[in-house]
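Shown next, in structure tokens, is the structure this report addresses.
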Amino acid sequence: MLSLFFSFKGRLRRRSYWGVLLSWQAIRIGMPILWYALTSMPGAEFDIEDTTYEDPAFYEATNLYLVLSAIAAISMVSATWRRLHDINASGFWAILSLIPVIDFFTMVILGCIDSQPGTNRYGVNPKGQASFYIPGANEEVRTKELLDLAALYEKGYLSKEEFETQKAKLLGE
């Protein structure tokens, strides 16, 4: 489960990407509100002239928000990194998700672009989709995918059985 939120290797499909982003938004916003509601002093009366009162529950909730925001930022960058891998782009573009305003557009655009079918240099398609082949017409696509698959196996990203399963799928066996 932690690999879904904090891994920088592999590919991440759209559904999982939206799940990670929306989970962190809900946690990041909901937890401090819940904390403040549960720890504030209900029914306490304060004098209207007492303007120096500082509610400790508010500061605790603020600190909780800041900590959760830092953790969420790392997780959302890793999700964006793997989502970029899924469309066969460099993960370094995930740095754009740290810039305010641009991060919103980055999330929406990456959340709408479909996965690259088949295997790419970052791994096997998480949806299990293979590329569309026309025998004799686009064999170079199949050859490239087999080479990418072999490179992933050699780097240790795929186990022997994962490699054999994907290879059999590519060759239509």
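³J(HN,Hα) across the range 61-74 via Karplus (A = 6.51, B = -1.76, C = 1.60, θ = phi - 60°), whole Hz, x for Gly/Pro?
Ordered by residue, 3J(HN,Hα) equals 5, 5, 5, 4, 4, 5, 5, 5, 5, 5, 5, 5, 4, 5 Hz.
Using θ = phi - 60° and the Karplus relation 6.51 cos²θ - 1.76 cosθ + 1.60, list the HN-Hα couplings for the range 28-37 in order, rounded to whole Hz, with x at every Gly or Pro.
Values per residue, Gly and Pro as x: 5, 8, x, 4, x, 5, 5, 4, 4, 5 Hz.
Around N120, which amide H atoms from residues at least 5 apart in sequence, or from another chain, sit under 5 Å from its own amide H, with H modelled in the peptide plane?
Correct list: N125.
A short reminder: the numbers here are calculations on the coordinates, not readings from a lab. Keep in mind it's a predicted model, so treat the numbers as computed, not measured.
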